[in-house]
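In what follows, a single structure is set out as structure tokens and then discussed.
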Amino acid sequence: MLRVEHLTKIYPNGTQALKDVSFQVEDGEFLAVIGLSGSGKSTLLRCINRLIDPTSGKIIWNDVDITALPASQMRSVRRQIGMIFQQFNLVKRSSVMTNTLSGRLGYVSPYQSLFNYFSAADQKRAIENLEQLGLADKAHVRADSLSGGQQQRVGIARALMQEPKLVLADEPVASLDPVLAHSILKHLEWMNKERKITVLCSLHFLDLVHRYATHAIALKDGQLVFQGLPKEIDDAQFKAIYGQEAERVSIV
Amino acid sequence: MKTSSSLPRNALLASVLSLVVPGAGQFYLRDRSRGTAIFVTALACGVLIYWAQDNFRAAMAGGTAIALWALLGCFVIWNVVDVYRRAHRQASSNLIGFLLPTLVIYIIGWQVTDIRPDRLITRFSYALKIWNDVIHPDLFMQDVAGTWMPSENFGYIFGTIGPEVMTQVGPFRLPVYHAGKIVETIALGLMSTLFSTIMAVPLSFLAAHNIMSRVRGGTLIYYAMRTFLNIVRAIDTLIWGLIVVLWVGLGSFAGVIALTIHSVAALGKLFSEEVEHIDPGPIEALTATGANLVQTIRYAVIPQIVPSFLAYTLLRWDINMRSATIVGFVAGGGIGFFVVESLRKGAYNQYAAALWAIAVVVMIVDYVSAKWRERIMLGATNVSGELPRPFYKSLRAWFYIIVGTAVFIYFWELCEINLKDLLNPAPTFGQLVRSFLSFNLDPEVTDAVVRQMLITIFQALLATTLGALAAIPFSFLAARNLTGRSRLSIWIYYLTRGLFNVLRSIEAILYVAIFFYWVSFGNFAGMLALAVTTFGLIGKLFSEAIENIDPGPLEAIMATGATRLQAIAYGILPQIIPPFISYGIYQWDINVRMATIVGFAGGGGIGWLLYNDYFPFMKYRSAGTAVAAIVIVVTIMDFASAKIRERMV
């Protein structure tokens, strides 16, 4: 279970990205985080694995206060939390296999991994994950020779290598075509249902939220403005989250 | 993947083929590019070893030659193993096949460049003495009362006011200012940039394929123009200086001409490439309206090219400023002439003062030019609805025009520009032009030229390697995104950046004097001087490459729970190795050009041959051969380095 309590983040330049955000995620949920660009979604997700240090507030995961952990112990927490990025964040010149295996870095000895050495078990696991995502034949090509949808699937494979209990997905489909968006989200749904991984996913389109998420929260200007089930987001809620001028658009 | 049914190419036959002729087996296995590469590498190494043995008996004695042949033998064995494994569809490592020839080349380079690391230590007391001069430049002195004041040397460099007469300029009475050598250098840089831009613009249209292909016979002009520009560009400003001096005599004017000639060719190439990259849409549209060639250029081409032409002109100003600091070595004029004179007197503290002055001025020009270019490039994409006010209504524009004109007139006089001199060349000049183009191909001359040319290339290679290796650790300290936020690391950042900037603002040839004194003259001194400039130039490029990496992968790898070391190995190294190699090759290309002139200051290589053996004794036919060799090598390096870097991306 993940509990976020009174989370606040103020950047050094004075921008207040999160204001006193509190919510709770049960194991096995697929939680959609919605809100406009700049509403604090990315900051929230990055606070959870401490890529960004929150200014105040607590993040408690399985009874451990992540915000209070020293850097040395963050490594073992981070390896249980996978992350998927809008821009995929692959090392473009490295192969798909190396990119996938890099998800295992939290488990292996730092010195062995410097020489690109990974155990046979890890390599087998990487191939299995790539097969699962339909990329087995691409294992030895350079990451930048793949299409955007394929690159994002490598990103998912990298996260799966961590054998995570929680996955943070930061706008995973915002850089992709609508058709590919569904394919990527189906993979996330599969992780959530079959592998019992809790998923926190920030999304732009409301109908994707209705289709895939089990729960939803909404941020506006860094504040939590909604918490509940996706179907509870009615027109009034929608206007509250996205502003009065917003129109509902749908995605195929 | 081919199945094994198509395999039965005979592995044994392939191995035997490769043993007899390296690469032949790979060729037989239908891997043509690999076979060719192996063959060319083996042949080149063999020829080089043979050449070194023939030319450098002393250096190659004591088993060096045997070791080299043994290494080549290992390479041939590797090539046989390689073809055998490939015939059996097994993986074969490229690493050994790459390392062995590299080792051969570096050993030969080390021997022929006469690398003597022991001298760095045995003659260290000389280094201390010259270091003492460098940090105590002759710029200020104490008078009897103990107050600090500019020394006489300060006046030579920066100029003096007075001492007595005032002049009447219009309504103003102004003290007389005698320009110093550094001011003269600034004048040289600016005037040559101005002249070369004016000349390069029309030439660039003649060298642009998309324009010339519209004219009858234009393609022929295009090829002629491109070849001409490439040849002129391959010859360094200082070599042009040697020739120009015979035309207009020693002095600043010769410097301006030498700078202008080289700069026209360099700008002409950049400009014409810019013309070739313009959007063809508007040209098509205007041609469709029935506009002729000149109208098309005026309305469809010029509006597209103005920003990039301006940016390239500013870049050239920076480069010309650097060249202007050394053109005085041969042509007279500018601070280079002053440096030569103080070195002749043995006044190293005056020389040091000149170095500091050059560093300051070049750094300022470098900064201003970069800032302006940045603004132009921003402005080029700036979409503003307003039309600018016509310039004649703006007071500021008039102010700039008046100041610009005054500076132009002053610099014109300072550069002693005298167009009549162009029509009145020295009597030997005609002989020079005639002899220059009838190359002397006597074996003794070609041997000497080939020998010195190869030394020059090796000098550049070793200097690039040394400078780059030294720069790598420093470049991490000078990368903004990696340095921490603590006060100490910010200090280190600025110190490293400052070190790069000071060192790269001084041309290699100016450093030769230091190493001349330290390790005595020759190829080793030239190599070390090149390495110092390389350190500054490549350190800056490397640290910028590190700053330009995509932070995304780093973030993603940190998020998996990786350690900092792992994050660097997986997130940063794969991103910086290709640009580092690419910059290294680029720098080698630049260093070959610079190495052709370090000999003018006693740094060895082909410049030494030109400056000491051929030009002083009017052996212009031999000089022509040497310059032709430079043109060939520089052109090949330029082409090869561009091709390799293209493939690296």
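The values are calculated or read from the model by the stated rules, or taken from the named source; none is laboratory data. What you see is a predicted model; the values in this text were computed from it and never measured. Positions of Cβ are generated from backbone atoms using ideal geometry, with glycine treated the same way; all protein chains shown enter the neighbour counts.
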Subset of the range B:526-557 (residues that are more than 30 Å from B:LEU609 (Cα to Cα), surrounded by fewer than 24 Cβ atoms within 10 Å (Cβ to Cβ) and either among the aliphatic types (A, V, I, L, M) or at the interface with another protein chain (Cβ under 8 Å from one of its Cβ atoms) (or both)): B:LEU541, B:ALA545, B:ILE546, B:ILE549, B:ASP550, B:GLY552, B:LEU554, B:GLU555
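One line per residue, one yes/no per condition, for (1) in a loop (DSSP other than H, G, I, E, B); (2) within 23 Å of A:LEU18 (Cα to Cα); (3) of a type in the set (Asp, Glu); (4) touching a residue at least 24 places away in the same chain (Cβ under 8 Å):
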residue	(1), (2), (3), (4)
A:GLU189	no, no, yes, yes
A:LYS193	no, no, no, no
A:HIS210	no, no, no, no
A:LEU219	no, yes, no, yes
A:GLN244	yes, yes, no, no
Selection count, the range B:130-156, where residues are exposed (fewer than 13 other Cβ atoms within 10 Å of the Cβ), part of a helix (DSSP H, G or I) and not acidic (Asp, Glu): 2
Would you point out which residue out of A:ILE34, A:ILE84, A:ILE59 is hydrophobic (A, V, I, L, M, F, W, C) and over 17 Å from A:PRO172 (Cβ atoms)? A:ILE59
Would you confirm whether any residue within the range B:286-299 is under 27 Å from the mean Cα position of the chain (by Cα) and β-branched (Val, Ile, Thr)? no
B:PHE338 versus (1) at pLDDT below 90; (2) surrounded by 20 or more Cβ atoms within 10 Å (Cβ to Cβ): which is the lone unmet condition? (1)
Condition (residue is in a helix (DSSP H, G or I), free of Cβ contacts under 8 Å to residues at least 12 places away in the same chain and surrounded by fewer than 20 Cβ atoms within 10 Å (Cβ to Cβ)) applied to the range B:202-210: is it met by at least one residue? yes
Failed condition for B:ARG480, given (1) farther than 30 Å from B:TYR611 by Cβ; (2) loosely packed, with under 12 Cβ neighbours inside 10 Å; (3) charged (D, E, K, R), with all others met? (2)
Restricting attention to the range B:292-316, report how many residues are more than 17 Å from B:MET212 (Cβ to Cβ) and of a type in the set (Gly, Ala, Ser). 2
Just the residues that are touching a residue at least 24 places away in the same chain (Cβ under 8 Å) and part of a helix (DSSP H, G or I), please, taken from the range B:478-497. B:THR496, B:ARG497
State all residues of the range B:83-108 that are more than 38 Å from the chain's Cα centre (by Cα) and either assigned to a helix (DSSP H, G or I) or under 21 Å from B:THR464 (Cα atoms) (or both); if no residue qualifies, say none. B:VAL83, B:TYR84, B:ARG85, B:ARG86, B:ALA87
Looking at (1) within 21 Å of B:ASP550 (Cβ to Cβ); (2) outside the structural domain of A:THR198 (by TED's automatic domain parsing); (3) at pLDDT 90 or above; (4) touching a Phe, Trp or Tyr at 6+ places or on another chain (Cβ under 9 Å), which is the one condition that is false for A:ASP122? (1)
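Report whether or not B:ILE585 is closer than 30 Å to A:VAL96 by Cα and away from chain A (no Cβ under 13 Å).
For B:ILE585, the condition - closer than 30 Å to A:VAL96 by Cα and away from chain A (no Cβ under 13 Å) - is met.
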Across (1) modelled with pLDDT of 90 or more; (2) surrounded by 24 or more Cβ atoms within 10 Å (Cβ to Cβ); (3) under 17 Å from B:CYS415 (Cα atoms), B:VAL248 clears everything bar (1)
Could you list, in sequence order, all residues of the range A:81-96 that are surrounded by fewer than 20 Cβ atoms within 10 Å (Cβ to Cβ), more than 8 Å from chain B (Cβ to nearest Cβ) and either at pLDDT 90 or above or in a loop (DSSP other than H, G, I, E, B) (or both)? A:GLN86
Helices (runs of 4 or more DSSP H) lying entirely in the range A:98-161 (those with 1 or more residues that are in contact (Cβ under 8 Å) with a residue 60 or more places away in the chain and touching a Gly at 6+ places or on another chain (Cβ under 7 Å)): A:148-161
Pair list, Cβ < 6 Å and 6+ apart or interchain, from the range B:347-367 residues that are in contact (Cβ under 8 Å) with a residue 24 or more places away in the chain to residues that are in a helix (DSSP H, G or I) and among the aromatic types (Phe, Trp, Tyr): B:ALA354/B:PHE338
What pairs come up if the first residue lies in the range A:54-65 and is part of a loop (DSSP other than H, G, I, E, B), the second is among the β-branched types (Val, Ile, Thr), and their beta carbons are under 8 Å apart, counting only those six or more places apart or on different chains? A:PRO54/A:THR8; A:PRO54/A:THR67; A:THR55/A:THR8; A:THR55/A:ILE10
Can you find a residue in the range B:611-618 that is buried (at least 21 other Cβ atoms within 10 Å of the Cβ), within 21 Å of B:MET527 (Cα to Cα), touching a helix residue (DSSP H, G or I) at 6+ places or on another chain (Cβ under 6 Å) and not small (Gly, Ala, Ser)? yes
A:VAL179 vs (1) over 13 Å from the mean Cα position of the chain (by Cα); (2) not assigned by TED's automatic domain parsing to the domain that holds A:SER202: all pass except (2)
When residues of the range A:186-245 are filtered for being closer than 19 Å to A:VAL173 by Cβ and exposed (fewer than 14 other Cβ atoms within 10 Å of the Cβ), how many remain? 2
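Only residues that are under 30 Å from B:ARG647 (Cα atoms), more than 17 Å from the chain's Cα centre (by Cα) and polar (S, T, N, Q): list them for the range A:66-98, please.
Correct list: A:SER94, A:SER95, A:THR98.
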It is to be established whether one or more residues within the range A:66-80 are touching a Lys or Arg at 6+ places or on another chain (Cβ under 8 Å), over 17 Å from A:GLY155 (Cβ atoms) and in a strand (DSSP E or B). no
Candidate set from the range A:133-167 (those that are more than 19 Å from the chain's Cα centre (by Cα), crowded, with 16+ Cβ neighbours inside 10 Å and of a type outside the set (Lys, Arg)); member that is nearest to the other protein chains (Cβ to nearest Cβ): A:ALA143
Tell me, which residue of the range A:49-78 that is surrounded by 22 or more Cβ atoms within 10 Å (Cβ to Cβ) and within 10 Å of another protein chain (Cβ to nearest Cβ) is nearest to A:ALA17 (Cα to Cα)? A:ASN49
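Filter the range A:97-125 down to the residues that are hydrophobic (A, V, I, L, M, F, W, C) and within 13 Å of chain B (Cβ to nearest Cβ) and list them by number. Working first, answer last.
First, the residues of the range A:97-125 that are hydrophobic (A, V, I, L, M, F, W, C): A:97, A:101, A:105, A:108, A:114-115, A:118, A:120-121.
If the condition is that a residue be hydrophobic (A, V, I, L, M, F, W, C) and within 13 Å of chain B (Cβ to nearest Cβ), then A:MET97, A:LEU101, A:LEU105, A:VAL108, A:LEU114, A:PHE115, A:PHE118 are the ones that fit.
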Just a yes or no: is a residue in the range B:99-119 exposed (fewer than 10 other Cβ atoms within 10 Å of the Cβ) and either among the aliphatic types (A, V, I, L, M) or touching a residue at least 60 places away in the same chain (Cβ under 8 Å) (or both)? no
